[in-house]
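Right, one structure below, let's go through it.
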Amino acid sequence: MTILVTGSAGFIGANFVLDWLAQNDETVVSLDKLTYAGNRQNLASLEKDPRHHFVQGDIGDAELVADLLRQHHPRAILNFAAESHVDRSIHGPEDFIQTNIVGTFRLLEAVRAYWSSLGEADKTLFRFLHVSTDEVYGSLEPTDPAFREDNKYEPNSPYSASKAASDHLVRAYHHTYGLPVLTTNCSNNYGPYHFPEKLIPLVIHNALAGKDLPIYGDGQQIRDWLYVKDHCTAIRRVLEAGQLGETYNVGGWNEKANIDVVHTLCDILDQEKPRDDGKSYRDQITFVRDRPGHDRRYAIDATRLERELGWRPAETFETGIRKTVRWYLDNQTWVENVTSGAYRDWVGQQYS
Ligand code: NAD
Ligand code: TYD
């Protein structure tokens, strides 16, 4: 048996593939375009593993995807591939439209053709799992209840709008063509291999480099943080037992204001890697101009996933964030390679 994982060299996709192969022997075919966010080094430990087959390519390349499906005959496809950074989507939305909307559409078309060609038993077994975000629901007021699966979609950034469009396409392929799909909408992840353009890895990196820790606006925006390995277990559970055509919200019940997250990171770093001058990393915090259209609050109600599929996160924010800081301290070479762009040279040396 084989699964096809797209976006597998990115943050969550890489964690998913590493966890998957640590837990069972089912072969993984990885498809990743290797954009700036894709780093094959994340999967370096699988380089000689016969259970893993990496292909560089675009989910929007219909011919390539059709070939891969014919050749490897996967029983499931997990779609992590996306442009994922809100700030980049504000500066240049085009790539988000191309990958998140057009790419998902082309992938769905190739998958529909493949699925239609399967025998009855394989058809019944097959799953297309689409990995999405809580940002599709828009922004909450301070006292609003957390997002449930039946909240209406109100995306506010080009990123979240493009993810919302992809969710709608996935839904439509189920209702119109009967494609056996599942969708997960998860809150903000953090953990190993997180590209240091996002808040948590950026703050750890800048703190250690003696740079400013930029807080947008007043720092009171709230995100609901989930340790990435918990997201991976949720996805595995939904793949295994989710109801076809349904969506599942995934979250850690960990609502935190950005400024509190940054304070926590500074405090852990003060203990684990004190500054040479004995001062706190908090001294590096700088308030900067806010992100345009910045969503004020996200929060996930994960009751459905807990009640129907028995999933609970294993980490609290306190345990997960300590593990994350430790990982970055222990993997400074990875951070240096990513921030200097040297990971691209590494790919050249390794794979030329
Ligand atoms: P990421 O940016 O770290 O990784 C995305 C990966 O997709 C990269 O390896 C990139 O090379 C690849 N990719 C981009 N365009 C591609 C294309 N056209 N074809 C093939 N591969 C392509 O993102 P991430 O944080 O790992 O997010 C993975 C998925 O999870 C995304 O769909 C994202 O919307 C969703 N999500 C992320 C979070 C989060 O907090 N990071 C939360 C909820 C949902
Ligand atoms: P980010 O990690 O980009 O995730 P998202 O925008 O998908 O939630 O940002 C998390 C929060 O941190 C968000 O409210 C924006 C804020 N933020 C800062 O205050 N400073 C920064 O330098 C970054 C990258 C984000």
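Being among the hydroxyl-bearing types (S, T, Y) and surrounded by 13 or more Cβ atoms within 10 Å (Cβ to Cβ) is the filter; apply it to region 250-292 and report the residue that is nearest to N156 (Cα to Cα).
T264
May I ask you to say which residue of S132, S139 is within 20 Å of N79 (Cα to Cα) and within 16 Å of ligand 2 (Cβ to nearest atom)?
S132
Quick one: which of L46, L78 is in contact (Cβ under 8 Å) with a residue 24 or more places away in the chain and more than 18 Å from the chain's Cα centre (by Cα)?
None of the others qualify; the one that does is L46.
Take V338 and decide whether it is surrounded by 14 or more Cβ atoms within 10 Å (Cβ to Cβ), in a helix (DSSP H, G or I) and modelled with pLDDT under 95.
In short, yes.
Give the residues of region 191-232 that are hydrophobic (A, V, I, L, M, F, W, C), over 21 Å from R312 (Cα atoms) and near ligand 2 (Cβ under 10 Å from one of its atoms), sorted by residue number.
F195, L199, I200, L202, V203, L213, I215, I222
Being charged (D, E, K, R) and loosely packed, with under 15 Cβ neighbours inside 10 Å narrows it down to one residue among D95, D144, D134; which is it?
D144
Do any residues in region 117-129 that are under 15 Å from I235 (Cα atoms) have Cβ atoms under 8 Å from those of residues that are modelled with pLDDT under 95 and part of a helix (DSSP H, G or I), where the two are at least six apart or on different chains, and which pairs are they?
Between residues of region 117-129 that are under 15 Å from I235 (Cα atoms) and residues that are modelled with pLDDT under 95 and part of a helix (DSSP H, G or I), there is no close pair.
Looking at (1) within 19 Å of L305 (Cβ to Cβ); (2) touching a His at 6+ places or on another chain (Cβ under 8 Å); (3) within 12 Å of ligand 1 (Cβ to nearest atom), which is the one condition that is false for E197?
Going through (1) within 19 Å of L305 (Cβ to Cβ); (2) touching a His at 6+ places or on another chain (Cβ under 8 Å); (3) within 12 Å of ligand 1 (Cβ to nearest atom) one by one, E197 breaks only (1).
Return yes or no: is V170 of a type in the set (A, V, I, L, M, F, W, C), within 19 Å of D224 (Cα to Cα) and not in a loop (DSSP other than H, G, I, E, B)?
Considered against the rule, which asks whether it is of a type in the set (A, V, I, L, M, F, W, C), within 19 Å of D224 (Cα to Cα) and not in a loop (DSSP other than H, G, I, E, B), V170 comes out as no.
Of all residues in region 162-194 being in contact (Cβ under 8 Å) with a residue 60 or more places away in the chain and of a type in the set (A, V, I, L, M), which is farthest from T333 (Cα to Cα)?
L179
The values are calculated or read from the model by the stated rules, or taken from the named source; none is laboratory data. Only a predicted model underlies this, so the values are computations on that prediction, with no experimental measurement involved. Note that each Cβ is placed from the backbone with ideal geometry, even for glycine, and that neighbours are counted across all protein chains shown.
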